[in-house]
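The structure appears below as structure tokens.
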Amino acid sequence: MQKILVTGGCGYIGSHTVVDLIANGYEVISIDDNSRSTTYLLDGIEKITGKKLKNYKVDLKNFDDTLAVFQENEDITGIIHFAAYKAVGESVAEPLMYYENNLFSLINLLKCVKEFNIPSFVFSSSCTVYGNPDAIPVTEQSPIKKAESPYGATKQMGEQILCDFAQVAGTKAILLRYFNPVGAHPSIKIGELPLGKPQNLVPAITQTAIGKLPQMTVYGADYPTRDGSCVRDYIHVSDIAHAHTLALEYLENNRNKSNCDVFNLGTGNGVTVLEAIHAFEEVSGVQLNYKIGPRRPGDVVAIYANNQLAVDELGWQIQYNLKDMMRTAWEWEQKVKQDEELMKKQNPVLN
Ligand code: WQD
């Protein structure tokens, strides 16, 4: 059985990928310092897979602690690297924190990859590397433009660091550029857990619908799009997760191909913010309380993927549509609320 190290295994996309890897016969361990996640999702992973995920609570910026994990697990055959800060707005306010965390972590990890000759490495990248594209849909050959934020810059630099390393190391790398991951695992036992006020659209929608937020704001409805709001390519997190399993299989079966392949992970369908809201209202039956506000600095007007390369080369087949994304996101939000109410009953001090 192949052992895969997932960094950020307690996080949103990391936990969903752990579930998919285990379902496909891999042994999985995780490194997650829980600075931006909790162990709440570990329980859900165990309920879905029957396996208890071993998570090393290690800060990847600490090289010795990271190396110790590899010394204890010399049979790691592949790495999927999710652990990074990812809030666009926060990165503008705290650039050094983003460059230090996202790049030092990656470099420490690659030093361990070199030390232990790990053959396969999958990197969590983002469509944000394309900036404001001149032409959509974007392909993997679309120009990489100046990043709109330090977060986006760390993804661009991370891709460069990894590919330069893969040219001289025996490691083969794949960069997966996610568009907008949303929704929750169909079991509704794991999902997205934004810390604090949600920055992203779908958790803002579901938290408004459940009453955690009084009202949400649509950031601009005066863009040159079909209804004035921004266009994105929303993709179910479980479809994203399965693409990582396929990427590992691709790396195992294509050792003589290039050292660093890139794949877009999107549906190929552009959806506006208002269309996303209406899709949510349709599946939930909830009339969403939102207002139209000013544009958000740094927002891209419109972007969605040409995903043909991932379909052709990885054998990736998308399973979930926009209504599935909204339905699972809504059911997960309701489940989290039930758990919070149960915890308050069991621990009155939390009230
Ligand atoms: C989507 C649209 C907002 C919240 C970023 C990163 C990307 C990935 C996902 C990590 C935009 C609008 C949002 C709200 C709104 N990060 N919106 N009201 O900015 O496309 O992508 O997060 O994996 O790499 O770049 O996602 O969900 O924040 O915004 O109107 O309360 O929803 O203006 O048009 P984004 P998002």
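The values are calculated or read from the model by the stated rules, or taken from the named source; none is laboratory data. Computed from a prediction, not measured in an experiment: that's the story for all the values here. Heads up, the Cβs are rebuilt from the backbone with ideal geometry, glycines too, and the neighbour counts pull from every protein chain shown. Ligands, DNA and RNA are excluded from the accessible area calculation, which covers all protein heavy atoms including side chains. Shrake-Rupley method; radii C 1.70, N 1.55, O 1.52, S 1.80 Å.
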Check your understanding: Just a yes or no: is a residue in the range 93-105 in contact (Cβ under 8 Å) with a residue 60 or more places away in the chain and within 13 Å of the ligand (Cβ to nearest atom)?
Key -> no
Revision key, fill the gap. T217 passes all but one of the listed conditions (1) touching a Leu at 6+ places or on another chain (Cβ under 8 Å); (2) surrounded by fewer than 24 Cβ atoms within 10 Å (Cβ to Cβ); (3) at pLDDT 95 or above; the exception is number (1)
Check your understanding: Among the numbered criteria (1) open to solvent by 30 Å² or more (accessible area, probe 1.4 Å); (2) under 20 Å from the mean Cα position of the chain (by Cα); (3) under 19 Å from R177 (Cα atoms), which single criterion is violated by D312?
Key -> (2)
Check your understanding: Can we say E252 is more than 22 Å from H16 (Cβ to Cβ) and either within 16 Å of the ligand (Cβ to nearest atom) or outside any loop (DSSP other than H, G, I, E, B) (or both)?
Key -> no
Practice item. Scan the range 228-240 for residues that are within 10 Å of the ligand (Cβ to nearest atom) and buried (at least 22 other Cβ atoms within 10 Å of the Cβ) and jot them down. Key: S229, C230, R232, D233, Y234, I240
**Study point:** Scan of the range 286-324 for residues that are touching a Gly at 6+ places or on another chain (Cβ under 9 Å) and either among the basic types (K, R) or in a strand (DSSP E or B) (or both), ordered by number
**Key:** I292, G293, R295, R296, A302, A305
Review point. Taking the range 160-213, which residues are within 15 Å of the ligand (Cβ to nearest atom), polar (S, T, N, Q) and free of Cβ contacts under 8 Å to residues at least 40 places away in the same chain?
Key: N200
**Study point:** The one condition in (1) more than 16 Å from the ligand (Cβ to nearest atom); (2) free of Cβ contacts under 8 Å to residues at least 60 places away in the same chain; (3) buried (at least 19 other Cβ atoms within 10 Å of the Cβ); (4) closer than 26 Å to F165 by Cβ that L67 fails to fulfil
**Key:** (3)
Revision key, fill the gap. All conditions in (1) in contact (Cβ under 8 Å) with a residue 40 or more places away in the chain; (2) open to solvent by less than 80 Å² (accessible area, probe 1.4 Å); (3) not in a helix (DSSP H, G or I) are true of V58 except (1)
Revision key, fill the gap. Checked G268, G285, G298 against criteria (of a type outside the set (K, R), more than 17 Å from V182 (Cβ to Cβ) and away from the ligand (no atom under 13 Å from the Cβ)); the one match is G285
Check your understanding: Could we say that Y304 is crowded, with 16+ Cβ neighbours inside 10 Å and under 22 Å from the mean Cα position of the chain (by Cα) here?
Key -> yes
Review point. Would the range 254-277 turn up any residue that is of a type in the set (V, I, T), surrounded by 14 or more Cβ atoms within 10 Å (Cβ to Cβ) and free of Cβ contacts under 8 Å to residues at least 60 places away in the same chain?
Key: yes
Point to revise | I79 vs. criteria closer than 22 Å to T171 by Cβ and crowded, with 23+ Cβ neighbours inside 10 Å | key: yes
Review point. Quick one: is T225 among the polar types (S, T, N, Q), more than 9 Å from the ligand (Cβ to nearest atom) and either in a loop (DSSP other than H, G, I, E, B) or within 17 Å of Q317 (Cβ to Cβ) (or both)?
Key: yes
Review point. Scanning for something at pLDDT below 95 and more than 16 Å from the ligand (Cβ to nearest atom), does the range 9-28 turn up at least one residue?
Key: no
Exercise for review: Take the range 114-132 and flag every residue that is farther than 29 Å from G78 by Cα and surrounded by fewer than 18 Cβ atoms within 10 Å (Cβ to Cβ).
Suggested key: N132
